[in-house]
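One structure below.
The values are calculated or read from the model by the stated rules, or taken from the named source; none is laboratory data. Keep in mind the model is a prediction, meaning the values are calculated, not measured. Every residue, glycine among them, receives a Cβ derived from its backbone with ideal geometry; neighbour counts consider all protein chains shown. The accessibility values were calculated without ligands, DNA or RNA, using every heavy atom of the protein model including side chains. Shrake-Rupley method; radii C 1.70, N 1.55, O 1.52, S 1.80 Å.
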Amino acid sequence: MALLTSLRFTSRMGAMAIDQESWFLRRRKTFFTDYLYPLIPVELAEMGLELYYGGIGHPSFHYEVVSNARQAIAQKYVNVDKCADTLFTARPAYDLGREVLYAFQKTMQKRIDDRLQFLYGFSRQDFIQKNAPQERGQNNSTPVVNQSVVKSRALNIIEGKESLGYGALTVANEACVIGIDPKNGFSGFTLKEEDGVLSFHSCGFDALGSGKYIAGSEFADLLNQLSLKQRRSGMGLIHGLTQLGKAHIKASNTFGQVGGTIRIIILDADGRTRALRRVEIAHNKALLFTEMLKGYLAGLLTEKILQSLIHDLLAGLSLDVVEDKFFRSISDFHLLEKMVRGYKIGLSDLPQASEFKKMYTN
């Protein structure tokens, strides 16, 4: 969860992806943690709306944000019939995103209050009103909040200049929100603890976390190859999904905190059913997807074959069928087998597996 990316494929479709490596100083590294959450109730989803939240940083922070956001959205839109006109004459994804922003801000404020209360026994409101308790056992002493050292540190905590206890090397708490609605199509937004605002993805993509620079570079290379008209219309599902996966693979090869199996959520405003409006690539399906991309990047697959394999994967074909087609699509399946197992395929005299020769030799 050190890299979170979002990319608009067309005006009606886009996706968000996150890695599953969890890494904190002096704690165990894991490869199964990610924070992608659906936010809206079924009643709104049946109207053609979808909203997903993805976060990087501290796990419990995002869990609290999502819990607060779900509760706020459910309460505000409890009567779906009365809300229908409002939702579809405005900007539903943005309006719902504002509820997520308020939940994000509320969680940040609570963490700040908890930190101040733990250290000094007063809250942000106490600090503003200079109404904090005095030091214990010293009724005639200066109130804690008026002591210069305390005032200076409390102000740093409130302004976000001091960590809230997550550790010096922990990735900052940041999030992306993507959504679709029948009128406006796909929308993407970013939230950061240092800003506290809801930022629209005006350029069609964003990358957050320790691997953001190489991912952003991949997206920039993609957009630089397109004309202005193509940028606005989008690069399409298969091409966009390929670029999203490539960004994560290259980031995992370069940045130590990025890794694990990728998880992707694709949202399509033109899907006739909810199952078609939101498509998830995760677990074994995501692993096969990244292996195909690695084969392409290693020069073992042509772009045309890669696109055909991704299309089969999205169409719901069995993973065994797609994997078999994957290995049969190249001449040197031994080299491909070594690559997906982590061998450096540039080395000579790599051992060959006899079982693979039986399976893929006609």
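Within the stretch 116-132, at least one residue is open to solvent by less than 80 Å² (accessible area, probe 1.4 Å) and at pLDDT below 75.
The condition of being among the aromatic types (F, W, Y) and either open to solvent by 30 Å² or more (accessible area, probe 1.4 Å) or over 14 Å from L7 (Cα atoms) (or both) holds for only one of F205, F219, that being F205. Within the stretch 258-282, how many residues are more than 17 Å from P182 (Cα to Cα) and in contact (Cβ under 8 Å) with a residue 60 or more places away in the chain? Total satisfying the criteria: 8.
At least 2 residues being under 26 Å from V279 (Cβ atoms) and among the hydroxyl-bearing types (S, T, Y) is the threshold, and among the strands (runs of 3 or more DSSP E) wholly inside the stretch 160-231 those reaching it are 185-192.
Within the stretch 232-245, does at least one residue satisfy the condition of being surrounded by fewer than 21 Cβ atoms within 10 Å (Cβ to Cβ), out of contact with any Gly (no Cβ under 6 Å at 6 or more places or on another chain), touching a residue at least 60 places away in the same chain (Cβ under 8 Å) and among the aliphatic types (A, V, I, L, M)? Yes: the stretch 232-245 contains one or more residues that are surrounded by fewer than 21 Cβ atoms within 10 Å (Cβ to Cβ), out of contact with any Gly (no Cβ under 6 Å at 6 or more places or on another chain), touching a residue at least 60 places away in the same chain (Cβ under 8 Å) and among the aliphatic types (A, V, I, L, M).
Show me the helices (runs of 4 or more DSSP H) found entirely inside the stretch 278-362 where at least 3 residues are farther than 21 Å from A251 by Cβ, open to solvent by 80 Å² or more (accessible area, probe 1.4 Å) and modelled with pLDDT under 80. Give the derivation first.
Working: elements: 283-297, 303-314, 319-328, 333-340, 354-360.
Once the helices (runs of 4 or more DSSP H) in the stretch 278-362 are filtered for at least 3 residues that are farther than 21 Å from A251 by Cβ, open to solvent by 80 Å² or more (accessible area, probe 1.4 Å) and modelled with pLDDT under 80, what remains is 354-360.
Of the residues T242, T254, T261, the single one that is of a type in the set (S, T, Y), touching a helix residue (DSSP H, G or I) at 6+ places or on another chain (Cβ under 6 Å) and more than 16 Å from I18 (Cβ to Cβ) is T254. Total residues in the stretch 251-277 satisfying the condition of being of a type in the set (S, T, N, Q) and not in a helix (DSSP H, G or I): the figure is 3. Within the stretch 297-312, being charged (D, E, K, R) and in contact with a Lys or Arg (Cβ under 8 Å, 6 or more places away or on another chain) holds for one residue alone: D312. When the helices (runs of 4 or more DSSP H) confined to the stretch 1-99 are screened for residues that are modelled with pLDDT of 80 or more, those reaching at least 2 such residues are found at 42-45, 59-76.
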